[in-house]
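Worksheet for the structure shown next.
Read the figures in this text as sums done on the coordinates, not as results from a lab. Bear in mind the structure is a predicted one, so any value in this text is a computation, not a measurement. Glycine also receives a Cβ, built like all others from the backbone with ideal geometry; neighbour counts cover every protein chain displayed.
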Amino acid sequence: METKALKRPAVIFFDVNETLLDMQPLKEKVSQALDGRKELASLWVTTMLQYALVDTVGGQYHEFDEIGAAALQMVASKNNISITEEKAKETLKPMRSLPAHQEVPGALSRLQEAGYTLVTLTNSANQALEEQMTNSGLKQYFQRLLSVEDTGIYKPHSRVYSWAARKIGVRPEESLMVAAHGWDIAGAKWAGWQAAFIDRPGQTLYPLSESPEITVPSLTELADILIALEK
């Protein structure tokens with residue numbers, strides 16, 4: 001666990017996929033669709049993120065699950081596996097009903113009770129986000145559910161973070177981004193936010209970005225730190 005100078009944030013923004021929700025059930029479905037090759041599930045995730053950024057740089061926007069289905073077909077094709085568009089979309093349906101990581105509900109409840117404003121900021125589209133938070137039982141902890149769909153730009157573009165802060169009515173320095181992805185932490189820091197990295201297995205920080213104020217293994221430790229801050 002690592003921490004550095006931290007000011008009590010006015011609003012805590014949370015990434016959703018992998019940070020709050022466990023993507024392992026979905027990765028298992030993806031592996032099954034890819035002839036049982038478990039190593040290709042990670043390639044699918046990175047391909048999905050890559051082409052979300054291709055959309056952003058190219059001035060386009062497709063919903064995240066659409067990009068996910070396209071990425072699944074790309075990974076399959078590259079590895080001589082046949083997957084139709086229909087099968088790709090069917091494979092990714094569990095993305096809207098992922099379970100929360102075990103410690104998440106308790107940590108969010110504690111932060112809510114401590115008076116924090118909790119908001120999502122995710123690459124999932126609005127409808128998908130609504131289903132994800134409802135199905136996981138986490139919706140009750142959040143005052144707002146923000147999706148990049150309303151900007152037509154994917155994280156970690158700095159405009160997404162600027163938009164989110166304006167939408168909620170806080171300054172960048174009053175905002176804390178909580179994420180399990182180095183790219184999301186980098187984007188938030190470059191936008192002038194504070195950041196907390198949840199060090200989930202397989203995740204790492206980007207060495208060329210400013211380090212986050214907090215690095216912890218789970219939301220439990222994050223809640224401990226934030227609740228101890230003076231108002």
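Run the helix sum for the chain: -39,500 (n - 2.57) per DSSP H stretch of 4+ residues, divided by residue count, reported at 222 nm to the nearest 500 deg cm²/dmol.
Taken over the chain, the calculation gives -13500 deg cm²/dmol.
Please compute the length gained on full extension between K231 and Q127, using 0.36 nm multiplied by the number of residues separating them and subtracting their Cα-Cα distance.
34.0 nm
Grab the other residues whose beta carbon is less than 15 angstrom from that of A70, score K and R as +1, D and E as -1, and report the net.
After counting each charged neighbour, the total is -4.
Under a point-charge model restricted to the Cβ atoms of Lys and Arg (+1) and Asp and Glu (-1), what is the dipole moment magnitude of the chain relative to its Cα centre, in debye to the nearest 20?
240
Lys/Arg Cβ at +1, Asp/Glu Cβ at -1, dipole of the chain taken about the Cα centre: which of L34, A70, V16 is farthest positive-ward?
V16
Return the aspartates and glutamates within reach of K7: Cα separation strictly under 17 angstrom, same-chain partners fewer than 8 residues apart disregarded; answer none if there are no such residues.
List returned: E173, E174, E210, E213, E221, D224, E230.
Give the dimensionless ratio obtained when the Cα radius of gyration of the range 24-95 is divided by 2.2 N^0.38 Å.
Dividing the Cα Rg of the range 24-95 by 2.2 N^0.38 Å gives 1.03.
Treat every Asp and Glu Cβ in the range 132-231 as -1 and every Lys and Arg Cβ as +1, leave all other atoms uncharged, and give the resulting dipole magnitude about the Cα centre to the nearest 20 debye.
400
Quick one: which residues, 5+ away or cross-chain, put their amide H under 5 Å from the amide H of E213? H built at 1.01 Å from N.
The answer is A195.
Whole Å is fine, so just give me how far the alpha carbon centre of the range 39-79 lies from that of the range 127-197.
Between the Cα centres of the range 39-79 and the range 127-197 lies a distance of 20 Å.
Could you name the aspartates and glutamates whose alpha carbon sits less than 14 Å from that of K78, not counting residues in the same chain fewer than 8 places away?
Reachable aspartates and glutamates: D35, E39.
Once the dipole of the chain is set up with Lys and Arg at +1 and Asp and Glu at -1 on Cβ about the Cα centre, which of V45, H101, S147 lies farthest towards its positive end?
Looking along the dipole axis, the top candidate is S147.
Taking the Cα centre of the range 24-95 as the origin, how large is its charge dipole in debye, to the nearest 20, when only Lys and Arg (+1) and Asp and Glu (-1) carry charge on their Cβ atoms?
Approximately 260 debye in magnitude.
Select from N135, N17, N123 the residue whose mean-square fluctuation is largest in a Gaussian network model of the chain (Cα-Cα springs shorter than 10 Å).
In the Gaussian network model the winner is N135.
Taking Cα atoms, how many degrees apart are the long axis of helix 126-136 and the longest axis of the chain, rounded to 10 and kept between 0 and 90?
Roughly 80 degrees between the two axes.
For the pairs K89/K155; K29/K189; K27/K155, note any where the Cα-Cα span goes beyond 27 Å.
Exceeds cut-off: K29/K189.
In units of 2.2 N^0.38 Å, what is the alpha-carbon radius of gyration of the chain?
Rg over 2.2 N^0.38 Å, computed on Cα atoms: 0.99.
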